[in-house]
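The structure appears right after this line, and notes come after that.
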Amino acid sequence: MIESLAYQRRAGLPVEQAMPLLFKAISVAVERCLNLSDTAVLNDIGVSLDQLRTEKWWLARASNEESLTQAIGRAAHACDIQAFLAASAHTLDHGSNVVVLPDHIKKPSRLKVLRRSVK
C-alpha cells in the first residue's frame, strides 16, 4: 500500500481519490530470486542500496531512457530470474517488496492467488 500510494502521490492524485485500492494476497515460491536487499548481491552487480532507493526512475521513463532499476530488471529477465526481493524506496520499516516475473514461473516454482471463502 505504501508503494502504491507513493506512486499515486507522485502522479498528483490525492490519497482520497486513489482509494479504494484492491489488494490480493499471493503465495510465491521460486527457485531463482534476485535479492536486491543483500549487500553482497549489490556489490556483485556494482550498485548500492542507496542508488536503488533514491533513483528517480520515472524521470528516465518520461525521457524515454532506461533507468538503472529497469536495466537491472531487463538483465534479470534475460537470465530467467523469477522474482526480486527489494527494499522499499519509501520505508525501511515495513519489510521488502517482492516483484514477480510471472512469465518465468515454471514448476516446481509456483505463484498462487490466495482466496478466502465468502460466507
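The values are calculated or read from the model by the stated rules, or taken from the named source; none is laboratory data. Predicted, not measured: the structure shown is a model, and the values here were computed from it. Cβ coordinates were reconstructed from backbone atoms using ideal geometry, including for glycine residues, and neighbour counts include every protein chain displayed.
Just a few scattered comments:
- Filtering segment 22-54 to residues that are in contact (Cβ under 8 Å) with a residue 60 or more places away in the chain and either farther than 29 Å from Leu111 by Cα or of a type outside the set (D, E, K, R) (or both) leaves Ala25, Ile26, Ser27, Val28, Ala29, Val30.
- Complete set of residues in segment 27-67 that are surrounded by fewer than 12 Cβ atoms within 10 Å (Cβ to Cβ) and either in a loop (DSSP other than H, G, I, E, B) or touching a Leu at 6+ places or on another chain (Cβ under 8 Å) (or both): Ser27, Thr39, Gly46, Ser48, Lys56, Ser63, Asn64, Glu65
- Contacts under 7 angstrom Cβ, first residue in segment 55-68 being without any contact (Cβ under 8 Å) to a residue 60 or more places away in the chain and under 18 Å from Ala87 (Cα atoms), partner assigned to a loop (DSSP other than H, G, I, E, B) and of a type in the set (A, V, I, L, M), 6 or more apart: Leu68/Val47
- Residue pairs whose Cβ atoms lie under 6 Å apart, sitting 6 or more positions apart in sequence or on different chains, and linking a residue in segment 80-96 that is among the polar types (S, T, N, Q) to a partner that is at pLDDT below 70, are Thr91/Ile2.
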